[in-house]
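One structure below.
The values are calculated or read from the model by the stated rules, or taken from the named source; none is laboratory data. For clarity, every value in this text was computed on a predicted model and none was experimentally measured. All Cβ positions, glycine included, derive from the backbone under ideal geometry; neighbour counts span all protein chains shown. Please note that ligands, DNA and RNA were not included when accessible areas were found on the heavy atoms of the full protein model with its side chains. Shrake-Rupley method; radii C 1.70, N 1.55, O 1.52, S 1.80 Å.
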Amino acid sequence: MEDLNKEIVLIQRIKQGDRASFDILVSLYRQKGLEIAYNIVGNLEDAKDALQEAFVKVYLNIKGFQERAKFSTWFYRIVVNCSLDLLRKKRRMKSVLIDSIMDEDGQEKKLDIADDHLEPLKISIEKELAHNLEESINKLPEKQRICFILKHQNGLSIEEISHILKCNPATVKVHLFRAVNNLRKRISKYLT
């Protein structure tokens, strides 16, 4: 609760024009914002551009932020929107890297990273799986893709995602369920 109070004070100072407080806020949210942007746009330079645009929007619109909402939710929504805008402008999709996927029980299942000591065939299969998984994520419908990225790559809760996307938590669950099913179908030959 103390961190929340500090954040509220920080935001109030920013609303009064305190640039140093804005710099502190940027340092608090830069890393997570960059991770979210990167997972959506697929490359570091575009992620930095989307994040910079998000911080500009925060700075210009902070006076409209209501303290009764969580700043992180508001900020992450801006990052998602800036990232999607960047993708639309470029009219291209970049690869999205993934470290995990859910198994049939809804539990996160870690994918093994290739090890130099593994057999060459196993290394080849794992590289093929990673490539197919990246392609499969990129081919998901936009809402499924965003929900999957926010949940499984950025660790946000369903409640946080629903606030970011301005939709019902049940809708987020449906998008996640469909995303996982679509991915499972596309990579099923690797999960046996």
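Determine whether Glu35 is surrounded by fewer than 18 Cβ atoms within 10 Å (Cβ to Cβ), within 30 Å of Pro141 (Cα to Cα), in contact with a helix residue (DSSP H, G or I) (Cβ under 9 Å, 6 or more places away or on another chain) and acidic (Asp, Glu). So Glu35 passes the test.
Has the range 56-77 got any residue that is in a helix (DSSP H, G or I) and touching a Gly at 6+ places or on another chain (Cβ under 9 Å)? Yes. Pairing residues of the range 31-53 that are farther than 18 Å from Leu156 by Cα and in contact (Cβ under 8 Å) with a residue 40 or more places away in the chain with residues that are in a helix (DSSP H, G or I) and open to solvent by 70 Å² or more (accessible area, probe 1.4 Å), at Cβ distances under 9 Å and at least 6 apart in sequence or on separate chains, gives Asp46/Lys90. Would the range 130-137 turn up any residue that is polar (S, T, N, Q) and either open to solvent by 80 Å² or more (accessible area, probe 1.4 Å) or modelled with pLDDT under 90 (or both)? Within the range 130-137, one or more residues are polar (S, T, N, Q) and either open to solvent by 80 Å² or more (accessible area, probe 1.4 Å) or modelled with pLDDT under 90 (or both). Asp116 satisfies every condition listed in (1) modelled with pLDDT of 65 or more; (2) outside any helix (DSSP H, G or I); (3) open to solvent by 90 Å² or more (accessible area, probe 1.4 Å) except (1). State yes or no: is Asp46 more than 18 Å from the chain's Cα centre (by Cα) and open to solvent by less than 80 Å² (accessible area, probe 1.4 Å)? For Asp46, the condition - more than 18 Å from the chain's Cα centre (by Cα) and open to solvent by less than 80 Å² (accessible area, probe 1.4 Å) - is not met.
The single residue among Lys143, Lys173, Lys151 that is open to solvent by 10 Å² or more (accessible area, probe 1.4 Å), modelled with pLDDT of 90 or more and under 13 Å from the mean Cα position of the chain (by Cα) turns out to be Lys143.
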